[in-house]
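Peer 1: Structure provided below as structure tokens; questions to follow.
The values are calculated or read from the model by the stated rules, or taken from the named source; none is laboratory data. Everything numeric in this text was worked out from a predicted model, so none of it was measured. Cβ placement follows ideal geometry from the backbone for every residue including glycine, while neighbour counts extend to all protein chains displayed. For accessibility, only protein heavy atoms count, side chains too; no ligands or nucleic acids. Shrake-Rupley method; radii C 1.70, N 1.55, O 1.52, S 1.80 Å.
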Amino acid sequence: MTALAPSASAADWLLRDASDIARAVREGQVTATAIAHACLERISRTEPRINATTDVTACRALDTAAALDARLAVGDMTARALPLLGVPFAVKNLFDVAGLTTLAGSKIERGKPPAARDGPLIARLQAAGAVLVGALNMDEYAYGFTTENSHEGPTRNPHDLARSAGGSSGGSAAAVAAGQVPFTLGSDTNGSIRVPSSLCGIFGLKPTFGRLPRNGSYPFVASLDHLGPFARSARDLALTYDAMQGFDAADAGCIDRAAEPTLATLDRGLEGLRIATLGGYFTEHAQPEANDAVARVATALGAQRRVELPEVARARAAAFIITNAEGGALHLPELRTQAADFEPLSRDRFLAGALLPAAWVVQAQRVRRWFAHQAAELFRDVDVLLAPATPCVAPEVGTEWLTINGQRLPARPSLGLLTQPISCIGLPVCTVPVWGCHPRLPVGVQVIAAPWREDLVLRVAQVLQQQGVAAAPVAAL
Amino acid sequence: MTPAEIEAYVDAAAAALQLPIAPAHRPGTLQYFALAASMAELIAAHPLTSRDEPAESFVPIAPAARTS
């Protein structure tokens, strides 16, 4: 890390990454309590402009931080070794947080009892020394790509307040880009980590499907839901992801597989990696800025090969059908009795989804498996694939239509055109933020690997960050 | 599916599921069902054999071990 002056304040440290903050607390340069106060102050100061946060757990944060400081004061070496010592974080409001009602962005859940306990990922992060400071805005029930939440108001992009933060984990991306916290958690069913990471200019990791347990979070589509972290550095993604790994039988979709830590191999560089750009569908559905970002990344990595996955549009269609049907079926009881209380932007999609014929859904799951085999075949010959994360930079809040490759497309669903085929088959992806392809705004590139190779996507992201090709500066607010 | 087929199907399926669709929500529901139908056409046209299984899998759940 670049050293901060001895007079550096907690507010200065807060704008560094989680790795630096934990080290500063460990070395006594700042206390966990001072970091927590600085974090709460920055949330309070920036929140009126970005609207990322729906709950601030100030008492819990200050109590947790004070307990960590007390342990350090008596020389507790176990506390001193915690990898996320005193690092504040926040979570999409679909994660169970003890004492808070799990909203999942909805009005309907507001009257429900609070969660009795934290979800396992929050518990694991807290055990690693992290300090929870709040819950974050999202598209209702995670069905959207813009976080234009009619109940809470839209989350705004910290780099341009007129623009969308992306979604559905828009609060998770905006809070990191605004410097409120160094890392957050979100969920990704069809792109909900990768789209907001791209639009807000930060790093996001969607792990392999089945890697991180999802119990203790509000589901959307059991067949496709993933959870993962957002951060301003590749190192922080590795640090937080490693702290969250581990099987939990309470999630029927979690695969019983040993943890495979990534931090130790993060600096191995590119040696031995075969990297290629995905052509065809992925370039045809992106605007020039997004394709330019991929070209810059490919050049930096020396990746000259271009390869194609077959039938990508059908894979996207499969993900669309599975999402629509499972989401609609999940919410059928509320659709019957409280349809008017749903988010107007997604209610009619839920209603339609609840009616889909079973044959469509089964066919979608069969096409999904076929497509996964095609990707596995491609990965025999390549280790890492590159593709744009979104077709464009952040659109203005309220944008209804996008023009992509001469085609006029509905803006909200089209933001996920490039992420949806990849999550459909559960591949691990790190979105890296690239600047300079648009005069003022970032756009993300998906760094994709074969299942269970999160280590590779994080290694490549680390190289790109060290080369300055990818960067996640805190927005000037 | 034609627009008329979509309307007939949506009305019949909604009745079967006891899912009332308010007049204000009906145009949107029909529009999104038509979008899903276009996606279904894409995947239905994809050649598969009877041996191509769905991606979903089920893992049987063994009883928890006795504690005494």
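Peer 1: Is it fair to say A:Gln466 is farther than 20 Å from A:Ala142 by Cα and free of Cβ contacts under 8 Å to residues at least 12 places away in the same chain?
Peer 2: Criteria met by A:Gln466.
Peer 1: Within segment B:37-68, track down each residue that is facing another protein chain (nearest Cβ under 8 Å) and among the acidic types (Asp, Glu).
Peer 2: B:Asp52, B:Glu53, B:Glu56
Peer 1: Identify the single condition in (1) over 26 Å from A:Ala329 (Cβ atoms); (2) more than 19 Å from the chain's Cα centre (by Cα); (3) of a type in the set (D, E, K, R) that A:Arg163 does not satisfy, given that it satisfies every other one.
Peer 2: For A:Arg163, the failing item is (2).
Peer 1: Conditions: (1) at the interface with another protein chain (Cβ under 7 Å from one of its Cβ atoms); (2) of a type in the set (Gly, Ala, Ser); (3) open to solvent by 10 Å² or more (accessible area, probe 1.4 Å). A:Ala364 meets all but one. Number of the miss?
Peer 2: (3)
Peer 1: Shifting gears a bit: Looking at (1) closer than 20 Å to A:Ile321 by Cβ; (2) facing another protein chain (nearest Cβ under 8 Å), find the lone condition where B:Ala34 falls short.
Peer 2: Every condition holds for B:Ala34 apart from (2).
Peer 1: Among the residues of segment B:9-26, are any among the acidic types (Asp, Glu) and over 23 Å from A:Ser346 (Cβ atoms)?
Peer 2: no
Peer 1: Okay, next question. How do the pairs read when you match residues in segment B:4-24 that are at negative phi and more than 10 Å from chain A (Cβ to nearest Cβ) with residues anywhere that are part of a helix (DSSP H, G or I) and loosely packed, with under 15 Cβ neighbours inside 10 Å, using Cβ under 6 Å and keeping only pairs 6 or more apart or on different chains?
Peer 2: none
Peer 1: Count, please, the residues in segment A:373-400 that happen to be under 25 Å from A:Arg274 (Cα atoms) and within 14 Å of another protein chain (Cβ to nearest Cβ).
Peer 2: Result for segment A:373-400: 4.
Peer 1: Then there's this: Which members of segment A:431-477 meet the condition of being of a type in the set (Gly, Ala, Ser), open to solvent by 10 Å² or more (accessible area, probe 1.4 Å), within 16 Å of A:Ala234 (Cα to Cα) and in contact with a Lys or Arg (Cβ under 8 Å, 6 or more places away or on another chain)?
Peer 2: A:Ala472
Peer 1: While we're looking at this one, here's another question. Mind listing just one residue for me: the one in segment A:187-224 that is out of contact with any strand residue (DSSP E or B) (no Cβ under 9 Å at 6 or more places or on another chain) and among the polar types (S, T, N, Q) and, of those, most open to solvent (accessible area, probe 1.4 Å)?
Peer 2: A:Asn215
Peer 1: To continue, here is another question. Among A:Arg71, A:Arg45, A:Arg49, which is within 15 Å of A:Ala127 (Cα to Cα) and part of a helix (DSSP H, G or I)?
Peer 2: Answer to the selection: A:Arg71.
Peer 1: Is it the case that some residue within segment B:42-53 is among the hydroxyl-bearing types (Ser, Thr, Tyr) and surrounded by fewer than 10 Cβ atoms within 10 Å (Cβ to Cβ)?
Peer 2: Scanning segment B:42-53 turns up at least one residue that is among the hydroxyl-bearing types (Ser, Thr, Tyr) and surrounded by fewer than 10 Cβ atoms within 10 Å (Cβ to Cβ).
Peer 1: Would you point out which residue out of A:Glu334, A:Glu326 is among the charged types (D, E, K, R), more than 9 Å from every other protein chain (Cβ to nearest Cβ), part of a helix (DSSP H, G or I) and buried (at least 18 other Cβ atoms within 10 Å of the Cβ)?
Peer 2: So the residue among A:Glu334, A:Glu326 that is among the charged types (D, E, K, R), more than 9 Å from every other protein chain (Cβ to nearest Cβ), part of a helix (DSSP H, G or I) and buried (at least 18 other Cβ atoms within 10 Å of the Cβ) is A:Glu326.
Peer 1: Restricting segment A:345-361 to residues that are more than 17 Å from A:Phe220 (Cα to Cα) and at the interface with chain B (Cβ under 9 Å from one of its Cβ atoms), which is most open to solvent (accessible area, probe 1.4 Å)?
Peer 2: Only one residue fits best here, namely A:Ala359.
Peer 1: Suppose we keep only residues that are touching a Phe, Trp or Tyr at 6+ places or on another chain (Cβ under 8 Å) and not aliphatic (A, V, I, L, M) within segment A:418-430. Which one would you say is surrounded by the most Cβ atoms within 10 Å (Cβ to Cβ)?
Peer 2: A:Cys430
Peer 1: A further question follows. Any residue in segment A:437-450 that is under 17 Å from A:Ala298 (Cβ atoms) and more than 18 Å from the chain's Cα centre (by Cα)?
Peer 2: yes
Peer 1: Any residue in segment A:180-191 that is outside any loop (DSSP other than H, G, I, E, B), among the β-branched types (Val, Ile, Thr) and touching a Ser or Thr at 6+ places or on another chain (Cβ under 8 Å)?
Peer 2: yes
Peer 1: If A:Asp381 satisfies all but one of (1) farther than 30 Å from A:Thr299 by Cα; (2) acidic (Asp, Glu); (3) in contact (Cβ under 8 Å) with a residue 24 or more places away in the chain, what's the number of the condition it fails?
Peer 2: Every listed condition holds for A:Asp381 apart from (1).
Peer 1: Given segment A:82-169, what strands (runs of 3 or more DSSP E) lie entirely inside it while holding 2 or more residues that are out of contact with any Ser or Thr (no Cβ under 7 Å at 6 or more places or on another chain) and surrounded by fewer than 23 Cβ atoms within 10 Å (Cβ to Cβ)?
Peer 2: A:160-164
Peer 1: State whether the residues of segment A:390-402 include one that is more than 30 Å from B:Leu17 (Cα to Cα) and assigned to a helix (DSSP H, G or I).
Peer 2: No, segment A:390-402 contains no residue that is more than 30 Å from B:Leu17 (Cα to Cα) and assigned to a helix (DSSP H, G or I).
Peer 1: Mind listing whichever residues of segment A:56-76 are over 19 Å from A:Pro182 (Cβ atoms) and either surrounded by fewer than 18 Cβ atoms within 10 Å (Cβ to Cβ) or not aliphatic (A, V, I, L, M) (or both)?
Peer 2: Listed by number, the residues that qualify are A:Cys59, A:Asp63, A:Ala66, A:Ala67, A:Ala70, A:Arg71, A:Ala73, A:Val74, A:Gly75, A:Asp76.
Peer 1: Can you confirm whether A:Trp370 is farther than 26 Å from A:Arg305 by Cα, of a type in the set (Phe, Trp, Tyr) and within 14 Å of chain B (Cβ to nearest Cβ)?
Peer 2: So A:Trp370 fails the test.
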